[in-house]
Amino acid sequence: MWSSNIISQHQIKITNKILSSRCLFSTKPNPHQRPIFVAATKQHVGKTSVSLSLLSGLQKRYDKVGFIKPVGQQHVPVHSSLLDATIRVDKDVCLMRERFNLDHIDYEHMSPVIIPSGYTKKYIDGEIEHNGQLEKVKDSFKHVSEASDVVLCEGTGHCAVGSIVGVNNAQVASMIAADMVLIANGGLGSAFDELELNRVLCQHYNVRIAGVVVNKVLPSKYEQTKHYMSKALKQRWGVPLLGCIPDRPFLGCPALMDIEALFQ
């Protein structure tokens, strides 16, 4: 069980800014609401934490919020009510469904493509069909979308992850007509360079970047990073800096509840 304290006050403020932005979400349910796809410049920059914040904020505005992780890697066994069987889904899907009680959608449609050990070799050898993967993602998104007022998608790593098997994050976001929110680690030059690599791939697949969140910013450089990153993004890309989150190392530490669960 994850503690709700994982979401800091800064993340809550950023969530409100994202959700109030006219370029992403309206204040009223909209049957044509574009899905939002959360991706990052690399692993472990706070993509799941931001997704948790967004999902929490969305549930305050919509009756039914959908969640899907189109391509996953680390997976866990769960029970699918739809199939009445045990299946494997990405671990973040399990977290989101349990934490936010997303009972209106089944696990079967929340984690369509899993890439376990050996999957890449099978794909290259022709044992796994490329179009079959894409159809799984399309079908799952269709089911989640039809059952929800709005859909939040979480990517895996940076935008190019999944390219070796033909289902990278930018490609999937394009296929489901989603807007992208990119998450980067704190900094200025290096962070922008990493963001640029991901922007080029999004541009290639015609994916609109709705904004950027910079996470784990050194407190001593918070105002500087916020000012210059915002200015650079507006000048170069024409997109907003949705927010900066100062580095709070304690957020990555286990809560007593987490430790207690290990001994049950």
Report summary line: Within region 198-222, the residues that are modelled with pLDDT of 95 or more and part of a helix (DSSP H, G or I) are N198, R199, V200, L201, C202, Q203, H204
Requested in this report: Considering only region 116-142, state which residues are in contact with a helix residue (DSSP H, G or I) (Cβ under 7 Å, 6 or more places away or on another chain) and in contact (Cβ under 8 Å) with a residue 60 or more places away in the chain.
Outcome: V137, S140
Requested in this report: Just name the residue that is farthest from the chain's Cα centre (by Cα) out of those in region 142-190 that are more than 22 Å from S56 (Cβ to Cβ) and assigned to a strand (DSSP E or B).
Outcome: N185
Report task. Give the number of residues within region 204-245 that are open to solvent by 100 Å² or more (accessible area, probe 1.4 Å) and on the phi > 0 side of the Ramachandran plot. Result -> 1
Report summary line: For region 91-115, the count of residues that are touching a residue at least 40 places away in the same chain (Cβ under 8 Å), among the hydrophobic types (A, V, I, L, M, F, W, C) and more than 29 Å from E127 (Cβ to Cβ) equals 4
Query raised in the report: Is it the case that some residue within region 223-233 is outside any helix (DSSP H, G or I), out of contact with any strand residue (DSSP E or B) (no Cβ under 6 Å at 6 or more places or on another chain) and free of Cβ contacts under 8 Å to residues at least 40 places away in the same chain?
Result: no
Query - Selection status of E135, part of a loop (DSSP other than H, G, I, E, B) and open to solvent by 50 Å² or more (accessible area, probe 1.4 Å) - result: no
Report task. Test Q264 against the stated conditions and say whether it is part of a loop (DSSP other than H, G, I, E, B), open to solvent by 100 Å² or more (accessible area, probe 1.4 Å) and on the phi < 0 side of the Ramachandran plot. Result -> yes
Query raised in the report: Would you pick out the residues in region 167-195 that are in contact (Cβ under 8 Å) with a residue 12 or more places away in the chain and open to solvent by 10 Å² or more (accessible area, probe 1.4 Å)?
Result: Q171, S174, M175, I176, A177, N185, G186, G187, L188, F192, E194
Query raised in the report: Quick check: is even one residue across region 89-111 modelled with pLDDT of 90 or more, more than 19 Å from P240 (Cα to Cα), of a type in the set (A, V, I, L, M) and open to solvent by 30 Å² or more (accessible area, probe 1.4 Å)?
Result: no
Query raised in the report: Tell me, which residue of region 146-166 that is charged (D, E, K, R) and surrounded by fewer than 24 Cβ atoms within 10 Å (Cβ to Cβ) is nearest to T41 (Cα to Cα)?
Result: D149
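The values are calculated or read from the model by the stated rules, or taken from the named source; none is laboratory data. Small disclaimer: the values here were computed from a predicted structure and weren't measured. Methodologically, a virtual Cβ is constructed for each residue, glycine included, from the backbone with ideal geometry; neighbour enumeration extends over all protein chains shown. Ligands, DNA and RNA are excluded from the accessible area calculation, which covers all protein heavy atoms including side chains. Shrake-Rupley method; radii C 1.70, N 1.55, O 1.52, S 1.80 Å.
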